[in-house]
1. Using 1/(1 + (r/R0)^6) with R0 = 30 angstrom and r between the beta carbons of residue 77 and residue 150, what's the FRET efficiency to the nearest 0.05?
2. Calculate one ³J(HN,Hα) per residue across the stretch 59-65 by plugging θ = phi - 60° into the Karplus curve 6.51 cos²θ - 1.76 cosθ + 1.60, and present them in order as whole Hz with x for glycine and proline.
3. Take 30, 17, 101 and order them by how many other Cβ atoms sit within 10 Å, fewest up front.
4. What is the order of 150, 64, fewest Cβ neighbours within 10 Å to most?
5. Between residue 114 and residue 47, with labels modelled 7 Å along Cα→Cβ, what's the label distance in nm to one decimal, could you check?
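What follows draws every value from the coordinates through simple rules; no lab data is involved. Owing to the predicted nature of the structure, the values given are computational and were not obtained by experimental measurement. No Cβ is skipped: glycine too gets one built from the backbone with ideal geometry, and neighbour counts run over all protein chains shown.
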Amino acid sequence: MSREPDWKAEIRDALRKEPWSLAGAQRLVKVVRMRTMMNTPERARAVGYVTQELYLFGKTPYQIERALGLPPLSLLRGCRVFRLERLPMRSEYTDELTADKPGGLAFDPGDALEAKAKYREDETMAEVPYYPPGASWIPQWDVTVSIPLIHIIDLAPNFGYPRPSDRR
């Protein structure tokens, strides 16, 4: 069986359509802990994991943390949600499967135990430094270049993420 030429794979990737938009539930969003972005302007730049807004609807920060596989207690004080100002080009992101695969890899429980041990030993650590598996039905992409972000909402700990029709 012959291997597909590299140029064919590159063309296929370039023509691939991702299910994103700049508005509505399909838009790409970045969730950050409240303390990380508290002293930044409403407009920021981001590199790293993003998902679609539709997977946040109705969830509290704690539920978002669990669904996206964020470090435990990282959204304890709430979160800030940003949208991407523009959609990333194919060369500006990598597919990272779903949130149940931290870093695009199968979850290793040994990593969690090692991270918890480090956390107990180092008093300067603010959180347990590992990413547990999130929901298997939430897609994620790793944006590899700095793309401008626009602030959508600050979400307090006990409030669910509103649907667009619920916002002012």
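1. 0.85
2. Running phi through 6.51 cos²θ - 1.76 cosθ + 1.60 with θ = phi - 60° gives 8, 7, x, 4, 5, 5, 4 Hz.
3. Details: 30 21, 17 5, 101 17.
In increasing order of surrounding Cβ atoms, one gets 17, 101, 30.
4. On the way: 150 11, 64 22.
Ordered by Cβ neighbours within 10 Å, fewest first: 150, 64.
5. The answer from the label model is 2.4 nm.
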